[in-house]
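Read through the structure below, which is laid out as structure tokens, and then see the notes.
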Amino acid sequence: HGLSDSPYSLRAMAERLHAEGYTVVGLRVPGHGTSPRALAEVDWEDWTAAVRIAVRGTRALSPAGTPLVLMGYANGGALSVHYATTALDDKSLPAVDAVVLFSPMIGISPLARITRFYHIVARLSGDEKARWSAVSAETDPYKYTSWPMNASVQAWTMTEAVEQRLAALDQAGRMDQMPPILAMQSAIDATVVVPKLITVLFDRLKPGGPSELVLFDVNRVAWLGNLL
């Protein structure tokens, strides 16, 4: 699931896959699905550690010889790619046969790095609210409506780690070892930097390989609708 979201946001997809015969585990990433205060204190390494535990647990529940597929939305997409690259070097981790990404958080706005200094502002001002960009009543079952600044810090650090891992694989000539990737992405995504999905990930994959990027866009000639 995505940053500040919960597994509930992907429940319908999980049920559909389960009905098709898949063994499905919907990981609740640490700091999510409880209280937004938890997201204010979590670290991105907690997320990657949880993914390793979840994948091992899923593999243990699955019949031998069946493919292992990771599916991730936004932050979950970045976590899926991070795990796939880690499993290439750590043979104690179950290998991934395919990765499905939905608006993966491969790149976010460079301005996010500025949020690293929020704790300094909060300390100097003495205002606890400086640690939050939004505080609202929690009434949405899918995600938090409050947003701690730490979430942005950890997200930016996470994307940096993923980009570094992909760059290292590319430099070593090992990108052909990556499992097939299917990615769904809107060209007008307001959260992730869409071009980075191409430059950081897809441009480095083997040309003509099994991976595929499905890109959605808006109708850019809508203003001609009446004439047409």
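Going by what's in this entry, would LEU213 be described as out of contact with any Cys (no Cβ under 6 Å at 6 or more places or on another chain), in contact (Cβ under 8 Å) with a residue 60 or more places away in the chain and either surrounded by 12 or more Cβ atoms within 10 Å (Cβ to Cβ) or not in a loop (DSSP other than H, G, I, E, B) (or both)?
On the way: out of contact with any Cys (no Cβ under 6 Å at 6 or more places or on another chain): yes; in contact (Cβ under 8 Å) with a residue 60 or more places away in the chain: no; either surrounded by 12 or more Cβ atoms within 10 Å (Cβ to Cβ) or not in a loop (DSSP other than H, G, I, E, B) (or both): yes.
Against the criterion (out of contact with any Cys (no Cβ under 6 Å at 6 or more places or on another chain), in contact (Cβ under 8 Å) with a residue 60 or more places away in the chain and either surrounded by 12 or more Cβ atoms within 10 Å (Cβ to Cβ) or not in a loop (DSSP other than H, G, I, E, B) (or both)), LEU213 does not qualify.
Cβ-Cβ distance below 7 Å, separation of 6 or more or different chains: which pairs start in the stretch 50-61 with a residue that is of a type in the set (Val, Ile, Thr) and end on one that is part of a helix (DSSP H, G or I)?
Between residues of the stretch 50-61 that are of a type in the set (Val, Ile, Thr) and residues that are part of a helix (DSSP H, G or I), the close pairs are VAL51/LEU79; VAL51/TYR83; VAL55/TYR83.
Tally up the residues in the stretch 146-166 that are in contact (Cβ under 8 Å) with a residue 24 or more places away in the chain, over 15 Å from ASP46 (Cα atoms) and either outside any helix (DSSP H, G or I) or more than 14 Å from the chain's Cα centre (by Cα) (or both), please.
Selection size over the stretch 146-166: 6.
Right, ILE181: more than 24 Å from VAL42 (Cβ to Cβ), β-branched (Val, Ile, Thr) and modelled with pLDDT of 95 or more or not? Spell out how you get there, then give the answer.
On the way: more than 24 Å from VAL42 (Cβ to Cβ): yes; β-branched (Val, Ile, Thr): yes; modelled with pLDDT of 95 or more: yes.
It is true that ILE181 is more than 24 Å from VAL42 (Cβ to Cβ), β-branched (Val, Ile, Thr) and modelled with pLDDT of 95 or more.
Being polar (S, T, N, Q) and either over 27 Å from VAL81 (Cβ atoms) or modelled with pLDDT of 90 or more (or both) is the filter here; which residues of the stretch 115-161 pass it?
First, pick out the residues of the stretch 115-161 that are polar (S, T, N, Q): 115, 125, 133, 136, 139, 145-146, 150, 152, 154, 157, 159.
Matches in the stretch 115-161: SER125, SER136, THR139, THR145, SER146, ASN150, GLN154, THR157, THR159.
Residue by residue through the stretch 176-193, note down the ones that are among the aliphatic types (A, V, I, L, M) and touching a residue at least 12 places away in the same chain (Cβ under 8 Å). Quick ask: steps written out before the conclusion?
Initial filter on the stretch 176-193 (among the aliphatic types (A, V, I, L, M)): 178, 181-184, 187-188, 190, 192-193.
Of everything in the stretch 176-193, those that are among the aliphatic types (A, V, I, L, M) and touching a residue at least 12 places away in the same chain (Cβ under 8 Å) turn out to be MET178, ILE181, LEU182, ALA183, MET184, ALA187, ILE188, VAL192, VAL193.
Quick one: how many residues across the stretch 56-107 are under 19 Å from the mean Cα position of the chain (by Cα) and of a type in the set (S, T, N, Q)?
Here the count works out to 6.
Would you check which residues across the stretch 186-228 are touching a helix residue (DSSP H, G or I) at 6+ places or on another chain (Cβ under 8 Å) and more than 19 Å from ALA78 (Cα to Cα) and list them?
LYS206, GLY209
Starting from the stretch 32-43, take each residue that is under 14 Å from VAL135 (Cα atoms) and list its partners that are in a helix (DSSP H, G or I) and open to solvent by 40 Å² or more (accessible area, probe 1.4 Å), counting only C-beta distances under 7 angstrom and pairs at least six apart or across chains.
Matching pairs, first to second residue: ALA40/ARG131.
The values are calculated or read from the model by the stated rules, or taken from the named source; none is laboratory data. If you're wondering where the values come from, they're calculated on a predicted model, not measured in any experiment. Here the Cβ is made from the backbone with ideal geometry for all residues, glycine too, and neighbour counts use every protein chain on show. What goes into the accessible areas is simple: the full protein's heavy atoms, side chains included, and nothing from ligands, DNA or RNA. Shrake-Rupley method; radii C 1.70, N 1.55, O 1.52, S 1.80 Å.
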